[in-house]
Amino acid sequence: MREFIVFGSPAIEQAEIDEVAATIKSGWLGTGPKVAHFEEDMRHYKGANFAAAVNSCTAALHLSMIASGVNLGDEVITTPMTFCATINAIIHAGAVPVLADVEPLTMNISPDEVRKKITPRTKAIVPVHFAGRPCEMDTLMEIANEHNLKVIEDCAHAIETMYHGQHSGTFGDFGCFSFYVTKNIITGEGGMVLAKREEDIARIRVLALHGMSADAWKRFGDSGYKHYYVVEAGFKYNMMDIQAAIGLHQLKRIDQYWERRRKVWERYNEALADLPITLPTQSAPGTKHAYHLYTILVDVERVGISRDQFLETMTVNRIGVGVHYLSIPEHPFYQKTFGWKPMDYPEAYRIGRHTVSLPISAKLSDDDVSYIISVVRKIVGK
Ligand SMILES: Cc1ncc(COP(=O)(O)O)c(C=O)c1O
């Protein structure tokens, strides 16, 4: 039987395995020199002012909310076409998430909808560069500046993304990245915050390690015992050297992996173009897509089978698929807590009910891609 194609399975090479083994043997497993090295490499790659590694993008978003001064009862505008972590980070900072519907083709937050949602309580905007396609950052930054709002970019899909020559995560006050196992480069669990201002990254570092005064991790080094002082109630969000050991090598291959996914993307585009499904819209000029998700739309009226039947048949054919995402207002907790109704966000609702993510990891072989294409064609009846 054909081996199951695990959705988002990462490409991991010998260098990571060796570096992890060396890190374990060194005895310094926790936050240390490898984390500092990874932060510096990422900062350099993104052309950012400051970077701090944490243990997830969720942590990065939560800390960025707090460091933005988002407070009890403030409103934070974001997209209904995102992972629940974006919304939960807003809630955990004590704020109220407010949704602005997406553009039908790009699936990114609509600046016009953002404008409609601004109130005197609005404190921040959280654009999510969905699937790796950049949001309209010129317009969003204009809106933020007009209304004196903080901007926290959710770049979980968007490490390589660029918009008009500028890197994602460097437009706003903060950029939050994920190195979760399915992401473009991985550390297992892991995240990073980029910040424009030094005082912001300094606060993030303190908050990420219990609220202990700066450089608390150095207290076990060879430069003499250092007392630490707790300066606020922080969290346990620090990245370990074991994680950074993986990330350091993954980051070196970021362009190679991006190129591989671009090729897979183009093969899908060519091979599926004649089918009665909707393929991802083309990238806008002057932008770089990170090719994190290849999302098709399956409409029962056109295809003859429902999206959920399509998911089922792909799985039966030993291909792992994803749904990114059921729109946020479909989840019972948010309905109960905020009174959201899916139909109030019609574009996100429609996408959420029709979308399927095909595998696009750098690990896929040409044969895997040919097989996926043949199964999709067979299901759709061509
Ligand atoms: C858009 C988005 N935001 C945030 C996250 C959270 O990332 P992490 O798993 O690193 O916490 C994810 C993860 O899938 C995501 O897709």
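Annotations for the structure displayed:
- If the Kirkwood radius is taken over C-alpha pairs of the range 223-382, then at 20 °C and 1.002 mPa s the Stokes-Einstein diffusion coefficient equals 113 µm²/s.
- Share of pairwise Cα separations in the range 195-288, more than 18 Å, in percent: 70 percent
- Taking the Cα atoms of the range 327-375, the ratio Rg/Rh between the radius of gyration and the Kirkwood radius comes to 1.26.
- Distance between the range 95-160 and the range 178-205 - C-alpha centres, whole angstrom: 19 Å
- Value of Rg to Rh for the range 84-160 (Rh from inverse mean 1/r over Cα pairs, i.e. Kirkwood): 0.93
- Over all orientations, the chain has a Cα convex hull whose mean projected area works out to 19.6 square nanometres.
- Residue pairs exceeding 29 angstrom between C-alpha atoms, taken from Lys34/Lys236; Lys25/Lys46; Lys46/Lys226: Lys25/Lys46; Lys46/Lys226.
- The range 15-121 - Kirkwood radius from inverse mean 1/r over Cα pairs (Å): 16.6 Å
- Straight-distance candidates among the lysines for linking to Lys116, with alpha-carbon spacing under 25 Å and chain neighbours fewer than 8 residues away dropped: Lys150, Lys336, Lys341.
- Rounded percent of accessible protein surface that carbon and sulfur make up, the range 229-382, 1.4 Å probe: 53 percent
- In the chain, the DSSP-assigned H stretches of four residues or longer account for a calculated mean residue ellipticity at 222 nm of -12000 deg cm²/dmol, using -39500 (n - 2.57) per stretch and the full residue count as denominator.
- For Asp74, residues with placed amide H under 5 Å, excluding near neighbours: Val96
- Rounded to the nearest 10 degrees, the inclination of helix 366-380 to the longest alpha-carbon principal axis of the chain is 50 degrees.
- Percent carbon-and-sulfur accessible area, the range 1-110, ignoring ligands, DNA and RNA, probe 1.4 Å: 62 percent
- 1.4 Å probe accessible area per residue over the chain, in Å²: 43 Å²
- Here the label points at Ile24 and His331, each 7 Å from Cα along the C-beta direction, are separated by 3.3 nm in the simple model.
- On Cα atoms only, tilt of 307-316 relative to the major axis of the chain in degrees: 80 degrees
- Filtered chymotrypsin sites (Phe, Trp or Tyr not before Pro), the range 1-83: DSSP coil and at most 12 other beta carbons within 10 Å: Phe4
- Centre-to-centre, using Cα atoms only, the range 33-92 and the range 256-317 are separated by 28 Å.
- Paramagnetic label zone (point 7 Å from Cα along Cα-to-C-beta, Ser306; backbone N under 13 Å) in the range 339-382: 353-354
- Descending Cα extents along the principal axes, the range 245-301, whole Å: 49, 26, 16
- Between the Cα long axis of helix 14-26 and the first principal axis of the chain there is an angle of about 30°, rounded to the nearest 10.
The values are calculated or read from the model by the stated rules, or taken from the named source; none is laboratory data. These numbers were taken from a predicted model, which means no experiment stands behind them. All Cβ positions, glycine included, derive from the backbone under ideal geometry; neighbour counts span all protein chains shown. In case anyone asks, the SASA skips ligands and DNA or RNA and just uses the protein heavy atoms, side chains included. Shrake-Rupley method; radii C 1.70, N 1.55, O 1.52, S 1.80 Å.
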